[in-house]
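The values are calculated or read from the model by the stated rules, or taken from the named source; none is laboratory data. None of these values were measured; they are calculated from a predicted model. For neighbour counting, all protein chains shown are included, and Cβ atoms are generated from backbone atoms with ideal geometry for every residue, glycine included.
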Amino acid sequence: MVRVKDRTLTREEIELRIPKTISSGDSLIRAESIVKKWIIDILMDDVAHQNIGDDKNEIDNLVNEYRRSLIRHRYQERIVKDKVSAEISEAEQLAYYEENKEQFTLNENLIKGLFIKVSVSAPGLDNVRKWYVSDSEESVERIEKYSIQNAIIYDFFYDNWVRFDEVMEKIPHKISNHAQFLKLNKHLEVSDSTHVYFLNISDKLLVGNIAPFDYSMTQIQSMMANRRKIDYLREFGEGLYNDAIRKGMVKFVSE
C-alpha cells in the first residue's frame, strides 16, 4: 500500500492494473512504474490546484457543463432508442432515395458478374474459359456445377452489386485505371504459378453515377434513422419549452 497525504493506492488496485500473463520479474517492474506514476500524478494535482488561481472557476464551469452535456446525451440516447427504433419500411426507403438521389453519387466502381479461382492443375480449364465469358443460364449452371468440385473460390454476384476493387483484391493483377479497364473489358483471366483466376463482368457502374437503390439501402437506413432522431429530439425539446412557458416556469426579466 502507498499513501500520499490523504490518498491511498492499495495493493489490490495495483494488481488490477498488471496483466496476469507477464512474468513475475516484469510484474514487479510494472508495479514500480504504476506506483511512481500514481505518486507523480497526485503531487502534480496538488501543485496545479495550488497555482491555478483564477482559472479554477473557469475549469469548474467547464467540468460542470461537460457533466450536464453528458447527462443530456445519455438521456437523449435512451429516449431515442425507445421512440425511434421502429423499422423503416422498404417503401419509405425507396421514397427517400427517389427524393434524394443526388446524395448517393458513387465514389467507387461497382460490378455484377462472377469470379472463380481454381488450381492450375484443375481439370477442364478450357471448358471454364468458354463458360465463364457467357452470361447464358446454361453456362452459369455448368460453372456452378464445376465450381462445387473444383473451385477454391466461387463468387456469384449477377444479382447484386459489389465493389470492383474488392474483387480485384483477390486477383494478383494490378490495374492502374479501373474506370478505363471497365469501359474496355468484360472479362479477365489471370494466372500465377499455382492458380487461375476468372472474372466475368456482366454489368458495371462507374464513379460519378448514382448508386442503385439496393446498394444504398444500408446508407439510406442510417440516414433516415438519424433524421428521425434529430426530428424527434427537436420536437421533444420544443414540447419541453412550450410546457415550461405554459406553466410559468420561465421568467423573462428586463435588466
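Below is a table of values for the structure above.
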{"read-out": "Check on Met168, without any contact (Cβ under 8 Å) to a residue 12 or more places away in the chain, within 30 Å of Ser121 (Cβ to Cβ) and not charged (D, E, K, R)", "value": "yes"}
{"read-out": "Condition met for Ile116 (at pLDDT below 85, touching a helix residue (DSSP H, G or I) at 6+ places or on another chain (Cβ under 9 Å), surrounded by 12 or more Cβ atoms within 10 Å (Cβ to Cβ) and among the hydrophobic types (A, V, I, L, M, F, W, C))", "value": "no"}
{"read-out": "Of all residues in region 63-89 being among the hydrophobic types (A, V, I, L, M, F, W, C) and at pLDDT below 85, the one that is farthest from the chain's Cα centre (by Cα)", "value": "Ile79"}
{"read-out": "Some residue of region 24-39 being closer than 25 Å to Asp60 by Cβ and in contact (Cβ under 8 Å) with a residue 24 or more places away in the chain", "value": "yes"}
{"read-out": "Asp192 vs. criteria on the phi < 0 side of the Ramachandran plot and touching a Pro at 6+ places or on another chain (Cβ under 9 Å)", "value": "yes"}
{"read-out": "Residue match in region 176-185 (condition: part of a loop (DSSP other than H, G, I, E, B), basic (Lys, Arg) and either without any contact (Cβ under 8 Å) to a residue 60 or more places away in the chain or not assigned by TED's automatic domain parsing to the domain that holds Ser119 (or both))", "value": "no"}
{"read-out": "Pairs where the first residue, in region 230-255, is in contact (Cβ under 8 Å) with a residue 60 or more places away in the chain and surrounded by 10 or more Cβ atoms within 10 Å (Cβ to Cβ) and the second is in a helix (DSSP H, G or I) and of a type in the set (Lys, Arg), C-beta under 6 Å, 6+ apart", "value": "Tyr232/Lys83"}
{"read-out": "Hits in region 47-68 (condition: among the basic types (Lys, Arg) and under 24 Å from Lys5 (Cα atoms))", "value": "Lys56"}
{"read-out": "Residue in region 61-68 that is within 26 Å of Glu235 (Cβ to Cβ) and surrounded by 12 or more Cβ atoms within 10 Å (Cβ to Cβ) present", "value": "no"}
{"read-out": "Unmet requirement for Val47, which otherwise passes all of (1) exposed (fewer than 12 other Cβ atoms within 10 Å of the Cβ); (2) aliphatic (A, V, I, L, M); (3) under 37 Å from the mean Cα position of the chain (by Cα)", "value": "(3)"}
{"read-out": "Selection count where residues are of a type in the set (Lys, Arg), modelled with pLDDT under 95 and farther than 17 Å from Ser191 by Cα, scope region 146-177", "value": "0"}
